[in-house]
Amino acid sequence: MLHQKSGTASRPHGHRAKRRRRKSAPLIALNLAIVMVLAGGTAAYGALSQTVTLTVDGRSDTVRTFGGTVADVLDDHGVAVSPDDRLNVAPTSTISDGDTIDVAYGRPLTLTVDGVVSKQLVYEPTVGKALASLDVAPAAGSYVSAKPGATVPRSGMSLVVSTPKNVTVVADGQTKNLTTTEPTVADVLDEAGVALDADDEIKPGVDDYVQPDQKLRVVRIEKVEKVETVKIKYDVEVKDDPEALAGETEVLTEGKNGENRETVTLVYADGKLRDRVVVASDAVSKPVTEVVSRGTSRTPPDSVWDKIAKCESGGNWSINTGNGYYGGLQFSAATWKSVGGPGLPHENSREVQIKYAKILQARSGWGQWGCAGARFN
């Protein structure tokens, strides 16, 4: 038998007494440090960051940033700007808490108002606001190529505005005056009930924009193909003859016109022939060239005829004295014609006058000239 020692309390068999465990001082210090760091970090974040209002194309957001300049804020939020875009502050400006940064994207706009085209740069995101910024207020019923609420892309767009205007349409022998909001010539002609053919001429062009008080003209073009026989004019070849007197001519070979059979397109404008276009040509007969002999010989000066002329007219071969006698040898018109002289004597050269004087002398002798004796001087 086992005996318990006196003064010692007995414990039930198999039971361990529970102990309360206390946190150690180092652990408490660590936890406190973590809390202090977190609290300090939050305070530091609030102290170092800035809160600004960023507005891009009219849409605003409140953002917090650690950036020091406007460019930093834009870069942090993925807002890229180009030289055409508009900022309310310079990109290099320093920001402060509560500032507002306003970005308006520039949009190229090709604007046509009643036929007048201009290049614009707008900063409004919709068609309606863009027109208002340009002081363009289309009247009721006007044609606008896009709805007011349509977005103007950053890449730009073309916009057409056509207000009510008076125009005149001339076509098919008729003149129509109308008031229209149609933007193009083609649209106005369609509204006027003028059908177009592919060959028709439209002034101005069908794709041109219409201007106030403009006249639109349609010229009907008709093309007719036919076969025609046409004359081919003969050529003239001149050969010098040193044996004949200068001024004398003689036809050695008579010229004759040829003929061609041509396939042609006749172009009519409003019923009037405008042009004749040869499509194909075949010779029916060739022209015969006319050959003409031309005298080159000149009667030597101081011949008997020059001596007579000096006495008759002072040697002036082109004289017309008005007394019914002409030229250097003073022919009458009747005598000149009787020997076959062309025109009147004074209208011909010295050589031609001498030619016909020789004919007269051979026929009637020297007595035809009162100054015939001068030939012996």
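The values are calculated or read from the model by the stated rules, or taken from the named source; none is laboratory data. Keep in mind that this is a model prediction, so the values were computed, not measured. Reconstructed Cβ throughout: ideal geometry from the backbone, glycine too, with neighbour counts over all protein chains shown.
Worth pointing out:
- Filtered residue count, segment 347-367, keeping only those that are closer than 13 Å to residue 317 by Cα and either within 60 Å of the chain's Cα centre (by Cα) or not in a helix (DSSP H, G or I) (or both): 3
- Filtered residues of segment 229-267 (kept if in contact (Cβ under 8 Å) with a residue 40 or more places away in the chain, part of a strand (DSSP E or B) and surrounded by 15 or more Cβ atoms within 10 Å (Cβ to Cβ)): 232, 241, 244, 245, 266, 267
- Test result for residue 57, at pLDDT below 90 and under 30 Å from residue 156 (Cβ atoms): yes
- Count of segment 122-139 residues which are touching an Asp or Glu at 6+ places or on another chain (Cβ under 6 Å) and either within 20 Å of residue 185 (Cα to Cα) or not in a loop (DSSP other than H, G, I, E, B) (or both): 2
- Within segment 236-261, if we keep just the residues that are among the acidic types (Asp, Glu) and farther than 15 Å from residue 340 by Cβ, the residue that is farthest from the chain's Cα centre (by Cα) turns out to be 243.
- Subset of segment 172-186 [more than 13 Å from residue 219 (Cα to Cα) and without any contact (Cβ under 8 Å) to a residue 12 or more places away in the chain]: 177
- Strands (runs of 3 or more DSSP E) contained in segment 159-208 and holding at least 1 residues hydroxyl-bearing (Ser, Thr, Tyr) and within 24 Å of residue 111 (Cα to Cα): 174-180
- Only one entry of 370, 341 meets the criterion of being in contact (Cβ under 8 Å) with a residue 24 or more places away in the chain and assigned to a loop (DSSP other than H, G, I, E, B), and that entry is 370.
- Residue 155 being within 21 Å of residue 102 (Cα to Cα), among the small types (Gly, Ala, Ser), exposed (fewer than 15 other Cβ atoms within 10 Å of the Cβ) and in contact with an Asp or Glu (Cβ under 6 Å, 6 or more places away or on another chain): no
- Within segment 94-113, the set of residues being surrounded by fewer than 19 Cβ atoms within 10 Å (Cβ to Cβ) and outside any strand (DSSP E or B) comprises 96, 97, 98, 99, 106.
- Boolean, residue 224 is in a strand (DSSP E or B), touching a Phe, Trp or Tyr at 6+ places or on another chain (Cβ under 8 Å), over 30 Å from residue 296 (Cα atoms) and touching a residue at least 24 places away in the same chain (Cβ under 8 Å): yes
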